[in-house]
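J.: The structure under discussion is supplied below as structure tokens; questions concerning it will follow.
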Amino acid sequence: MRISNLGYPRIGENRELKWLLEAYWEGKLEEEDFRKRVFQLEENHWRRQLALGVEILPVGDFSLYDHVLDMAFALGLIPQRFEPLEKEGSLKLYFALARGAEGIRACALKKWFDTNYHYLVPEWEKEPRLASNPYLEAFRRAKQALGVSGKPVLLGPFTLMKLSRGYKDWREALESLLSPYAALLEQLVEAGAEWVQIDEPALVLDLERPEIEAVEKVYNYLVENTKVRIMLQTYFGSLSCYPEVMRLPVAGVGLDLVSGRKHNLANLEHYGFPKDKVLGAGLVNGRNVWRTDIKAALELVKYLTSFVSPDRLWLQPSCSLLHLPVSVAGEKGLPPELKNALSFADERLKELRILKEALTRGEETVREEIEEASRARQALDAMPGRVVPAVRRRVSALGEEEFVRSVPFEERQQLQAEKLNLSPLPTTTIGSFPQTPTLRSIRARFRRGEISKQEYREFIRQEIARWIRIQEEIGLDVLVHGEFERSDMVEFFAAKLSGFALTANGWVQSYGSRCVKPPILYGDVWRRESLTVAETSYAQSLTSKPVKGILTGPVTMIKWSFVREDLEEEQIAYQIALALRDEIAELEKEGIRIIQVDEPAFREALPLKKRERPQYLLWSAQAFRLATAGVKPETQIHTHMCYADLEEVLPALEGMDPDVVSVEAARGGAELVEQLGRHGFRRGIGLGVFDVHSPYLPQEEEMERFLSRVLEVFPPDRLWVNPDCGLKTRKEEEAVEALRRMVAAARRLRARL
Ligand code: GLN
Ligand code: ZN
């Protein structure tokens, strides 16, 4: 029995990778120095894992930006438009794909399966070939630094193909990967790698017969042509083609026994497990933070040994630990019962070690650890705020009428048009404006208690006032207050709502250098104070234009937090929705006429398995309506989603019954326009006309061209003009200039209507 890890958080305990990346991009760190320091970080992570008892060490999972980009880059999948940069050196080119360059659009960012991690979408314009082998380099670095023969971790060809765009025929695309992958693996074998972990999370999706056959072909080929020992690793759910995968000539199969537990175990029981393979048993949760029930996990492993002999069993996390913060140790401010019930990446590895000790040396040797884990879980359940009877009563007393607006959409549309009196192609933004270094430092000082709440508030009010003037001067039609009081759209609300706790240092990589600090939802949620009323109504008092109130929706609050597992998500969503409902009623009373409830996580929360989708779509839409349906017909409800694929969310959008929807479109607008045309979408829609994540300024002509294409399929009175997301991360001058160009583009188009 051995302890294997699938991947370790790359960003670093104190976000070291973030600081290094930013220093390098800003030219404060030379390339050589940069490389030296990131490799040092990588090495520290290896040492930590070894010290925690990892026996099969992942190498190559560490990435300078993204592991999907790493594979695309290794295979030379570099779009034509980056050609001018090809002579600039591989690092510059690599980052250009991720972030764009002067006049060159970056590759699209997309959510990695149903997580909040974003990967870069590979674009197939060229035939794949082995251009470089970062996995080999990592393997060699580990060997040299630690004398350890690591297990290279790389993204599998099937998943790579599934996540890519730009090829004509998927079968041919997959076929074209065979020989470069074989060459890559061959190099690893030659360098002495005993095992290679090939990640194929796409094998948990619903697959068609031809896809399964293609997977069989790929792995037969790779094993035959390289003689490599492959651990075929699946995660994020149960394997959808269990018997076929078990027949593959690979040396091991990794199964997620946390999120895919039920079906994976049923398959194991039904089909058994092949004698010639290693089972990678994903026992501890790589996606959520609650301490493992060690006793139950022990029972599970014992049960597994009735299918596979202990020497063919690897104890593993359910997926890469990328999705967890590094360690609970640094958390000082959490209630002790809560802190004690948590397990981040390092603690997960410790749990694996306890399991192994118990199984190999006897449970008595770790009796105290096992008891402690049980006590911690019980103490969590008994925590104050875990169950609040008034909240439970309010949810169970909900009636039909609380979920429906008083007037259907068509009539509302009329009333709203009269009341708001906006010009066609109304311009607006998604909510946040740049947070200046001064603002960040004032917030940090406020948190340290160095300045008073009064002073902090006063500064926020000044920012709001300044930006109301800027927006009026730019000529936007619907203004926002700017979200300056929010460090983050989920954390801010979590801090004010009962039932959530915030960590001090629980950072998780979102993409590249960007991190999020998911709150921990451990108890029943309720609104003990107003959330946004003061700032929003202050902004409205400064202007005669409508100020749009901005809130974060229930699905996003859940999806971007670490959520309790003792209550159904649907129930949690209703609790959050009721808190928002009260907030919205108050905003409306204060004269706010437009309210946007952001649901950027709506799409990523969609279950990977189709059979689970209808239920999710039902409760999530109901939660949205519970939050918003209490308003007057003339109050306009907006929602904003990120990276929406309309096709997938359209039924849900109807179910949510919003008046206007804004979606990101700047990095892939053509498909959206086409979908819009096809579906005859009736609501208002704002298609992001520029990409807020690219560091380069958008061109006015480009925005205009995009909008006029949309106008061919969509009427101007329902088309909104906005950036594709909040502007929080942009520099102020950039945001202002981009918005000026956007308003100018809208005006030019209006003149032509
Ligand atoms: N209102 C939020 C903002 O503007 C929306 C962010 C998001 O969609 N991720 O920042
Ligand atoms: Zn967004």
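J.: Multiplying the sequence separation of residue 397 and residue 418 by 0.36 nm and subtracting their Cα-Cα distance, what value in nm do you get?
T.: Working: separation 21, 0.36 × 21 = 7.56 nm, distance 3.60 nm.
That works out to 4.0 nm of additional length.
J.: If you look for lysine pairs in the stretch 493-644 that are eight or more places apart or on different chains, how many of them have Cα atoms under 23 Å apart?
T.: Lysine pairs, 8 or more places apart or on different chains, close enough: 12.
J.: Rounded to the nearest 500, what is the 222 nm mean residue ellipticity of the chain from helices alone, with -39500 (n - 2.57) per DSSP H run of 4+ residues and division by all residues?
T.: Values: 27 runs with 337 residues, N = 753.
Using -39500 (n - 2.57) per qualifying helix, the result is -14000 deg cm²/dmol.
J.: Continuing with this model, one more query. Using a 7 Å offset from the Cα along the Cα-to-Cβ direction at both residue 613 and residue 190, what is the distance between the two label points in nm, to one decimal?
T.: 4.5
J.: Which of the listed residues, 690, 727, 753, is farthest toward the dipole's positive end in the stretch 630-753, when Lys, Arg count +1 and Asp, Glu count -1 at the beta-carbon?
T.: Working it through, the farthest residue towards the positive pole turns out to be 753.
J.: Okay, moving on. Please compute the length gained on full extension between residue 702 and residue 632, using 0.36 nm multiplied by the number of residues separating them and subtracting their Cα-Cα distance.
T.: Length difference between fully extended and current span is 21.4 nm.
J.: Using packing as a proxy for protection, rank 497-509, 30-42 so that the peptide with the highest average count of other Cβ atoms within 10 Å comes first. Can you show the working numbers first?
T.: Working: 497-509: 20.7, 30-42: 14.9.
Top to bottom by mean Cβ count within 10 Å: 497-509, 30-42.
J.: What dipole magnitude, in Debye to the nearest 20, does the stretch 636-753 give about its Cα centre under +1 on Lys/Arg Cβ and -1 on Asp/Glu Cβ? Mind dumping the intermediate values first?
T.: Working: 16 positive and 21 negative charges, 94 e Å.
Charge dipole, the stretch 636-753, about its Cα centre: 460 debye, nearest 20.
J.: Report the gain in length on full extension from residue 36 to residue 407: 0.36 nm times residue separation, minus Cα-Cα distance, nm rounded to one decimal. Write out the running numbers ahead of the final one.
T.: Numbers: separation 371, 0.36 × 371 = 133.56 nm, distance 6.28 nm.
So the chain would gain 127.3 nm between residue 36 and residue 407.
J.: In debye, nearest 20, what is the charge dipole magnitude of the chain about its Cα centre with +1 on Lys and Arg Cβ and -1 on Asp and Glu Cβ, if you could check?
T.: Numbers: 104 positive and 113 negative charges, 187 e Å.
About 900 debye.
J.: For the chain, just the Cα set please: Rg and Dmax, both in angstrom.
T.: 26.1, 80
J.: Same structure again: By how many degrees, between 0 and 90 and to the nearest 10, does the Cα long axis of helix 345-361 differ from the longest principal axis of the chain?
T.: Helix 345-361 sits at roughly 30 degrees to that axis.
J.: Which FRET efficiency value, to the nearest 0.05, do you get for residue 216 and residue 712 by plugging their Cβ-Cβ distance into 1/(1 + (r/R0)^6) with R0 = 51 Å? Walk me through the intermediate numbers first.
T.: On the way: r = 44 Å, r/R0 = 0.87.
Computed FRET efficiency for residue 216 and residue 712: 0.70.
J.: Shifting gears a bit: If each of residue 299 and residue 747 carries a label point 7 Å out from its Cα toward its Cβ, how far apart are those two points in nm?
T.: Label at residue 299, label at residue 747, 7.0 nm between them.
J.: Give me the net charge for the shell around residue 453: Cβ to Cβ below 15 angstrom, other residues only, Lys and Arg +1, Asp and Glu -1.
T.: Working: positive: 443, 445, 447, 448, 457, 461, 496; negative: 450, 455, 458, 485, 529, 535.
Surrounding charge for residue 453 is +1.
J.: Estimate the FRET efficiency between residue 225 and residue 444 by the formula 1/(1 + (r/R0)^6), using the beta-carbon distance for r and 41 Å for R0, to the nearest 0.05. List each step's numbers first, then the result.
T.: Working: r = 55 Å, r/R0 = 1.35.
Efficiency computed from Cβ-Cβ geometry: 0.15.
J.: What is the calculated FRET efficiency for residue 183 to residue 206, with r their C-beta to C-beta distance and R₀ = 35 Å, to the nearest 0.05? Don't skip to the answer; put the middle values down first.
T.: Numbers: r = 32 Å, r/R0 = 0.90.
Result of the calculation: an efficiency of 0.65.
J.: Name the residue farthest towards the positive end of the dipole of the stretch 403-551 from the options 456, 534, 416, assuming +1 on Cβ of Lys and Arg, -1 on Cβ of Asp and Glu, about the Cα centre.
T.: The residue sitting farthest along the positive end of the dipole is 456.
J.: So, in nm, how far is label residue 731 from label residue 144 when the simple model puts each one 7 Å beyond its Cα toward the Cβ?
T.: That separation, rounded to one decimal, is 3.7 nm.
None of the figures in this text is laboratory data; all of them are computed from the coordinates on show. Quick caveat, the model's predicted, so the values are computed rather than measured. We place every Cβ from the backbone using ideal geometry, glycine too, and count neighbours over all the protein chains shown.
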